[in-house]
Amino acid sequence: MPPTRPEPGGPAGWIVRHPLYVLLYFLVAVGALGWQARKFRVDASADTLLMRGNRHYMQTQVMHQRFAPREFLLIAYAPTNHSVFSKQTFDDLKSIRGELRGLERVAAVRSLLDAPLLTLATGDLTTLDPSAWTVEQRSFSMETLRRALTDHPIYEQLLINRDQTAVALQVLFKADPELSRLEERITDLQRQALQGKLSPAKQRERRRLRREADPLYRRLDTQRRAEVSAIRKMLRPYEGRANLYLGGLHVVGFQLVRIIRNDLVVFGGAIAAMIAVILLALFRRIRWVVIPAVCCTCSLVATLGLFGMLGFKTTVISANFVVLQLILTLAIVVHLIVQYREYNRQHSDWEQPRLVTATLRRKAAPCLYAGLTTSVGFASLLASELQPVISFGWMMIIAMFCSIGVSLALFPALMALFPRESARGQLGPARWLLKGCSTFTLRAGWLAVPLGAGVLAAGAVGALRLDVENSFLNYFRDSTRVHKELAFIDRHFGGSTPLDLVITLPDDDKPQDLVLQAQTVQQLQRVQQALQRHEAVGKILSAVNLTALAKEVNDSLPLTEYELTALYRTLEASLRETLLGPFLALEHRQARISMRIQDTTPGLKRSRLLADIRQDLKALGYPESRYVMTNLFVLYENILQRLLRSQATTLGIVYGVLFVAFWGIFRSLRVALAAMIPNLLATAVVLGAMGWLQIPLDLMTITIAAVAMGIAVDDTIHYTHRYLEELKAHSPSDAVRRTHDSVGFAVLYTTLIITLGFSLMILSDFTPSALFGLLSGLARVTALVADLCILPVLLRWFVRPN
């Protein structure tokens, strides 16, 4: 127990005696850091989630450089009151195309207007001019167009859907030559690093190249967002006569940034308002709303400033860090408030400075311990192989220490400006609930342990049912515009997530001047047919599509390998590059089959799809040395599988470190074992609920175990610390009652504030944020029950009074 009349000395006393100096310091420091917060960025682009040092990423980069597929997005046009094959449709397409070409980065816009319809051409295939056989150049009847585009090997699901109810414009963008040069050199150095250690000179060069590329990436990201905004504005005049859908990876990134920012403003404001109402209802004083608000604001602004200075940026993985920091700061401040009010009731003769000093002295240690152990939970993320997850771990560690420092310094300084409040008792319902919990633990505590063990077992079984899946489409509620757009593009225009299969062609003794040999074409056709049998595989493009088109043009007769070569040589250079450049690398003897996976496929299992494709290739006689699968579908699946494999190991490590931290803080093996149980229960319940409810682990929810532990450990520390203090002067039963009657209120109030406040996130259109609100509330309630009903029983069993 603290001394009867503590003198306001030491750091706590200095803060209480000089509150204006402290506030002035905070005003200057927070103002300076707030200025730095301007540098903090939200980056939700899909490529921020990739592991740039791993083999799959390097293979993807190498193949991108080799085949040079161009960046593009799709605009789908589905007329509502006229036919796809109508003058109105073509007039609208022409008008939209003209506006799109005005964008600085647009290199070309492809549509039915300028797509060569070679199946309608007459004359020798090797001498005809493809550009003369387009809708704009010829007066084809609408019925002729309909027949020509039915089952078209190239344009179907690219420029027109199978039902012929919608058409698309494919907007292709120019690459930044300087950025391409830097990426090529960085990729080459990364490849060397994977093969062996880079020399110090090459390591310095790689760091220099990355520094040069970073501002170019930022500029490109800004341009992409501006382009999506501009395109949406262009399309508005046409929405009265057609449904328009925008799709592509950069559209996803644009929508993620928009929704994350919107959630920060809308839900941040709504959560702050609800928390203020709850604080006012619980403590019945305006000061207990103002002080937490000031502490939360200062800690958040200071943290954002530090992130801006250190170059951190928030991605979809770390989008909820603001919410988490509010949780951490509120928890500290509520514990301080409850302790102050307890002293205020007990010591009517103490003046305000003595009350504030005593409060800070008693709560400083457990707050620091709680911050340390919470940081351990988030430090588990540093073991990840995914850089955004590692960054999230560092961000939360920095945020934790900002919350502790700001709260412990600002709370007493602000309190010193207020007069002592008149003593008030705790709310009746809270007293009854806590009394019921303490009575249960003292009279029927033997039930708590088997019940807790049952919950732990159920959670463990549920956790074993966890699976990993990742679909950006499912990040948005079905009712949102972006979900409808992406789903339409996915179903009608060949899928969303790109997957490439690059096959090494045989090198035999046939003439080297042949572009493709007949046997090679037949092999590629068999591969493509096998791929098409998978329900989830959407649009497939390769050199096979050109041979299929050539066959249709040639009166359904296949071209010989010499005719194919002649066709290739006589095609206009830009058309040849468009049709075959992205699919053939003759100097490397490689062919690329490009496909897009349909994320809307019911029951899609990405790992199983990749395994089935590998099995198909094996059955066709392709050993793994003859092919490589690359692009985002492979990269995301590889990331998820790595994260899933590391999840158990990471949790084992973090709980081992947490146990050592508890042992060091409380200097008792038995206390450390007892304190572990609430944290294990919170994690097990959250992961178990995800398993039983079939909520998959993805790039967003993969961090939930660390978050659950970070949420649970705070109150465990405070309860255990207070119980051990009370045990020095009271029996175990009295220690439980007194701890429930003091720290118990802070634990209860914190849980109530956080659970009710952040339950509003369930209303978010961003599904990961809604899940975060639900699961973090579940973790907090589980921790509350465990801390008030199970932890006291374990402490009474394991700890003997001195």
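The values are calculated or read from the model by the stated rules, or taken from the named source; none is laboratory data. Keep in mind that this is a model prediction, so the values were computed, not measured. Here the Cβ positions follow ideal geometry from the backbone for every residue, glycine too, while neighbour counts run over all protein chains shown. For the accessible areas, the whole protein counts, side chains as well, though only heavy atoms, and no ligand, DNA or RNA atoms are used. Shrake-Rupley method; radii C 1.70, N 1.55, O 1.52, S 1.80 Å.
Taking the Cα centre of segment 259-383 as origin and charging only Cβ (+1 Lys, Arg; -1 Asp, Glu), how large is the dipole, in debye to the nearest 20? Don't skip to the answer; put the middle values down first.
Values: 11 positive and 4 negative charges, 43 e Å.
The calculation lands at about 200 debye.
Apply the Karplus parameterisation 6.51 cos²θ - 1.76 cosθ + 1.60, with θ equal to phi minus 60°, to every residue of segment 731-738 and state each ³J(HN,Hα) to the nearest whole Hz, in sequence, with x for glycine and proline.
Rounded to whole hertz, the list is 5, x, 5, 5, 4, 5, 4, 5.
Would you work out the Kirkwood radius for segment 245-301? I mean one over the mean of 1/r across all pairs of different Cα atoms, in Å. Present the calculation step by step, with values, prior to reporting the outcome.
On the way: mean 1/r = 0.0739 Å⁻¹.
Taking the inverse mean of 1/r over all distinct Cα pairs, segment 245-301 comes out at 13.5 Å.
Just the number: Rg to Rh for segment 699-776, Cα atoms, Kirkwood Rh, two decimals.
On the way: Rg = 16.5 Å, Rh = 14.3 Å.
Radius of gyration over Kirkwood radius for segment 699-776 works out to 1.15.
Tell me which of Leu182, Val167, Trp133 sits at the most positive position along the dipole axis of segment 132-210, charges placed on C-beta atoms (Lys, Arg +1; Asp, Glu -1).
The Cα lying farthest towards the positive end belongs to Leu182.
Report the relative contact order of the chain, percent, no decimals, based on alpha-carbon pairs under 8 angstrom and at least 6 residues apart.
20
Using label points projected 7 Å from each Cα along Cα→Cβ, tell me how many nm separate Ala226 and Leu27, to one decimal.
Going by the 7 Å Cα→Cβ label model, 3.9 nm.
Restricting to DSSP H runs of at least four residues, report the calculated mean residue ellipticity at 222 nm for the chain, -39500 (n - 2.57) per run over all residues, nearest 500 deg cm²/dmol.
One gets -21000 deg cm²/dmol as the mean residue ellipticity at 222 nm.
How big is the charge dipole of the chain about its Cα centre, in debye rounded to the nearest 20, if each Lys and Arg gets +1 on its Cβ and each Asp and Glu gets -1 on its Cβ? The partial results should precede the final answer.
On the way: 88 positive and 65 negative charges, 643 e Å.
Dipole about the Cα centre, nearest 20: 3080 debye.
What is the set of long-range amide H partners of Leu584 at a cut-off below 5 Å, with H atoms built 1.01 Å from backbone N?
Those qualifying (amide H under 5 Å, at least 5 residues apart or on another chain) are Arg592.
In segment 65-110, if the dipole is taken from +1 on Lys/Arg beta carbons and -1 on Asp/Glu beta carbons about the Cα centre, which of Ala107, Phe67, Ser86 is farthest to the positive end?
Phe67
When ligands, DNA and RNA are left out and all protein chains stay put, how many square angstrom of accessible area per residue does segment 284-412 have with a 1.4 Å probe?
Values: 3470 Å² over 129 residues.
Here the residues of segment 284-412 average 27 Å² of exposed surface.
Gain in length, Thr560 to Arg626, computed as 0.36 nm per residue apart minus the alpha-carbon separation, to one decimal in nm?
Extra length available between Thr560 and Arg626 comes to 21.3 nm.
Full-extension gain between Leu172 and Lys87, please, as 0.36 nm times their residue separation minus the C-alpha to C-alpha distance.
Values: separation 85, 0.36 × 85 = 30.60 nm, distance 2.47 nm.
Result for the pair: 28.1 nm of gain on full extension.
Quick one: 3J(HN,Hα) in Hz for segment 692-697, Karplus 6.51/-1.76/1.60 with θ = phi - 60°, rounded, Gly and Pro as x.
With coefficients 6.51, -1.76 and 1.60, one gets 5, 8, 6, 8, x, 6 Hz.
If you roll a 1.4 Å probe over the heavy atoms of the protein chains, what accessible area per residue do you get for segment 587-723, in Å²?
Numbers: 5000 Å² over 137 residues.
In whole numbers, segment 587-723 has 36 Å² accessible per residue.
Using the alpha-carbon centroid of each, what span in Å lies between segment 183-255 and segment 697-740?
Their Cα centres are 44 Å away from one another.
Full-extension gain between Glu143 and Ser733, please, as 0.36 nm times their residue separation minus the C-alpha to C-alpha distance. List each step's numbers first, then the result.
Values: separation 590, 0.36 × 590 = 212.40 nm, distance 8.85 nm.
Using 0.36 nm per residue and subtracting the Cα-Cα distance, I get 203.6 nm.
Pairs Lys94/Lys233; Lys39/Lys202; Lys87/Lys539: which exceed 23 Å Cα-Cα? Let's see the in-between values first.
Numbers: Lys94/Lys233 17 Å; Lys39/Lys202 29 Å; Lys87/Lys539 27 Å.
Too far apart for the 23 Å limit: Lys39/Lys202; Lys87/Lys539.
Heavy atoms only, probe 1.4 Å: what % of the accessible area of the chain goes to carbon and sulfur, would you let me know? The partial results should precede the final answer.
Details: 19410 of 33510 Å².
The computed percentage sits at 58.
So which lysines pass the test for Lys728, namely a Cα distance under 25 Å, with those fewer than 8 places away in the same chain ruled out?
The reachable lysines, counting only those whose Cα sits under 25 Å from Lys728, are Lys363, Lys435.
Please report the antiparallel percentage of DSSP beta bridges with both residues in the chain, rounded to the nearest 5.
Working: 35 of 39 bridges.
Taking every DSSP beta bridge within the chain, about 90 percent pair in antiparallel fashion.
Against the empirical 2.2 N^0.38 Å scaling, what ratio does the C-alpha Rg of segment 69-185 come to?
Values: Rg = 16.0 Å, N = 117, 2.2 N^0.38 = 13.4 Å.
Against the compact-globule rule of thumb, the ratio is 1.19.
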